[in-house]
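Report on the following structure.
Here, each number is a calculation from the coordinates, and none is a lab measurement. This one's a predicted model, so the numbers in the text were calculated from it and none came from an experiment. Here the Cβ positions follow ideal geometry from the backbone for every residue, glycine too, while neighbour counts run over all protein chains shown.
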């Protein structure tokens, strides 16, 4: 795992100094993160990288995980889908299962932190054992249009916390507690984002038999309808009429997801006639994803819905011009025509791709602006800073805090 | 080269870090935007007129404020967008006055363009009102004269420059920026203080502003 000093060449000494200043103000406090899994998923990924760095800064940071049986996690999966706006049959039995497992966790989990930082809905009911300590609830999912039954159920817990944290402004609603906006982040030193030698990038292209003889357009995403891979192919075909180019659609394996298998089959069917479309199944190969992004001329993220869309940050960090849908957290990462191009339709995406391929200087400028935007706002160091400010806000209710 | 004057009081550099607080309030058209601008706390007006400076500090020249950006890009009201982005923020010494000017600009426009009231943002593209919570911390850097001040200015974070130039003047309602105050009153160099006061910091990127300040200071030191 990377050490703090390794971030200095990327973000500058002064940013690391600021983190140290903040950590000093939290001296003596114990921050306890609680979520539902130690491995897999975005939350665990961020905590794996953030917890050691916070400890290195001198902030006593712990991480505990709740327990739950198969039934509990089936229910919380249903909650997750329903909060994303999907139609789910949720009955009293589901709520009873949730409360049963929560009661066990309330008994079994020691909430010793001066600040208890609960992530996502699974451990939310732990708030019922709140003592004099401070409690935070971090919602990592898109709740812009949640199932009201589930949201109401969760609200009974949310209002007991000191503050809540969301990833995008559109996920917020009027609440009787303070709520903060903290975006997720990418780690510039992870395999997915670190600098790669050109030979390695070239070897990945060779492995997948992709020649660099014409511009490459890439979308990195699961084969999921919400990522609209078929729409990406249609946009590419519109571009292809005027500019000879190639398309890479690369994403994780979809074998455990019946709908994913169907989407992948449709994508393959649509691309059968065109040898310039490369469909790549990459089972969690971060270095290869990194190499494909680096070898692309334009990166596209044509999602229909998006929790945050960190693939956009990953692409911008590599100074690539990006065309992406104006949904979820994407407009936070791209200001239209400043640090990328936003679109609302297949035609719009095709037009934007053409603009970028035909105007390399403009494309380069957007990519450079995008990289600076990510450096200033979406790297792990910013995330650590905001977490520490969040902890401090628990002890300072005012808008201007003199420390 | 003139002798370096020791300041009456040393200048302690501070930095300002901010956390973004959500209000849950959103506007879908211009009438609602004006109504909510009237209601929201000053820290929200401050956020939406200054966020771009910090988040998009590499953009130049003069990135718009959030209101102007939304009105132009989402509602397609370019003329109002231009009027909002050209509000001369440096002329307003309090958030209250700035807020009044923004409301006035929108209301005037609506009076002359009543059809603009009929434009609505699509779902997900509403204007979300956000607040800035500032945490002000002293840094380890202290300057006793202009030479030390210039050397430190080259290496402090842009958050520190931002704090002393923008936040201190407008949000803490001091009449001038901290640098001019110190150079004028403590170093006693009124003409340099005035030159710095006359800079319109809203038309520079933060790094550009740092470069400009350093240039002015070094010229002064080499006289």
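Shape class for the range A:4-55, computed from the alpha carbon gyration tensor (a ≥ b ≥ c): oblate, with a/c not under 1.5 and a/b at or below b/c.
Spin-label model, residue A:274 to residue A:347: label points 7 Å out along the Cα-to-beta-carbon direction sit 1.8 nm apart. Cα gyration tensor of the range A:207-304, axes a ≥ b ≥ c as square roots of the eigenvalues: rounded (a/c below 1.5), prolate (a/b > b/c) or oblate? It comes out oblate by the Cα gyration axes. Taking other C-beta atoms within 10 angstrom as a stand-in for reagent exposure, B:183, A:127 fall in the order A:127, B:183, fewest first.
So what does log10 I(q)/I(0) come out to for the range B:17-131 at q = 0.12 Å⁻¹, using the Debye formula with one equal point on every Cα and no solvent? Debye intensities relative to I(0), on a log10 scale: -0.39. Between helix A:198-207 and chain A there is an angle of about 70 degrees, using the helix long axis and the longest principal axis of the Cα atoms.
Using only the C-alpha atoms, the convex hull of chain B corresponds to 115 Å³ per residue. Going from the residue with the fewest nearby Cβ atoms within 10 Å to the one with the most, B:152, A:141 rank B:152, A:141. Volume per residue of the convex hull around the Cα atoms, evaluated for the range B:144-221, comes out as 84 Å³. Based on Cα contacts under 8 Å between residues 6+ apart, the range B:127-223 shows a relative contact order of 26 percent. For the range A:198-377, a/c is less than 1.5, where a ≥ b ≥ c are the root eigenvalues of the C-alpha gyration tensor. That puts it in the rounded class. The relative contact order of the range B:17-131, computed from alpha carbon pairs under 8 Å that lie at least 6 residues apart in sequence, is 47 percent. Note on chain A: GNM, Cα springs under 10 Å; of A:308, A:166, A:95, the largest mean-square fluctuation is that of A:95. Scaled to the globular estimate 2.2 N^0.38 Å, the Cα spread of the protein assembly as shown, given as radius of gyration, is 1.01. If you build a Gaussian network model of chain A, linking Cα atoms that sit under 10 Å apart, which residue out of A:35, A:147, A:128 swings the most? So, out of A:35, A:147, A:128, the one fluctuating most is A:128. Helix A:92-108 and the longest principal axis of the C-alpha atoms of chain A enclose an angle of approximately 60°. Structural descriptor for chain A: relative contact order 14 percent, calculated from alpha carbon pairs under 8 angstrom and at least 6 residues apart. Between the Cα long axis of helix B:30-39 and the first principal axis of chain B there is an angle of about 50°, rounded to the nearest 10. Gaussian network model of chain A, Cα springs within a sub-10 Å range: biggest mean-square fluctuation belongs to which of A:38, A:350, A:363? Ranking A:38, A:350, A:363 by mean-square fluctuation puts A:38 first.
If you plug the beta carbon distance of residue A:145 and residue B:214 into 1/(1 + (r/R0)^6) with R0 = 56 Å, you get a FRET efficiency near 0.65.
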